Amino acid sequence: MELQVIQKRIHEFRGSKVMLDYTLAELYEVETRVLKQAVKRNLYKFPADFMFELDEEEIGKMVSQNVIPSRSHLGGAKPMAFTEHGVAMLSTILKSRKAIEINIAIIRAFVELRKFALSHSELTYKLNELEKKFNKQFRDISEAINYLLKTGKQKEITENRVKIGFKVDKKK
């Protein structure tokens, strides 16, 4: 299975990259209820940082982002969200060859996403540093240019204004 296909099915909830139960079931070629039953029988293997159920607000967000067409698409059940560690743990309870192959591909997709995120954050940091450095320099240059423009304009205004008051005749 292509990494890009899997990466498109990874979502972010509660600050974690996760895959949803119905997506995993589709990839493993099992029914969603079978996957959920297997997880519920082995719940002790899935602490909160491995798997959690989405709440109503998160389900609403999925609908609004077109991840699912509507709430009825879920059949009344709340989706389970599995982190990278939760997906790895699934391989201990779903022992089919297909599940193991898909798990390997999913773990690779998570690793690639993490690499991308790290390189992206490094790039963002470097851009911010350059922006800070050069914005100050450009601001200084801009202020200097504005000062010179104002000074030149001020001189022109002073020379061209009509003088009032006592005038001395310079011819003498």
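Taken together, the values in this text are just the output of simple stated rules run on the coordinates, not laboratory data. Bear in mind the structure is a predicted one, so any value in this text is a computation, not a measurement. For neighbour counting, all protein chains shown are included, and Cβ atoms are generated from backbone atoms with ideal geometry for every residue, glycine included.
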**OP:** Using a 10 Å cut-off on Cβ atoms, rank the peptides 14-24, 52-62 from the highest mean neighbour count down.
**Re:** 14-24, 52-62
Subject >> Rounded to the nearest 20 debye, dipole of segment 3-116 from Cβ charges on Lys, Arg, Asp, Glu >> reply: 320 debye
**OP:** Pop a pseudo-label 7 angstrom from the Cα along the beta-carbon direction at both S64 and K45 and give the gap in nm to one decimal.
**Re:** 3.6 nm
Original post:
What is the sum of charges around E53, taking Lys and Arg as +1, Asp and Glu as -1, for the other residues whose C-beta is under 12 Å from the C-beta of E53?
Top reply: 0
**OP:** Return the long-range amide H neighbours of M51 (sequence gap of 5 or more, or a different chain), with a cut-off of under 5 Å between placed amide H atoms.
**Re:** T83
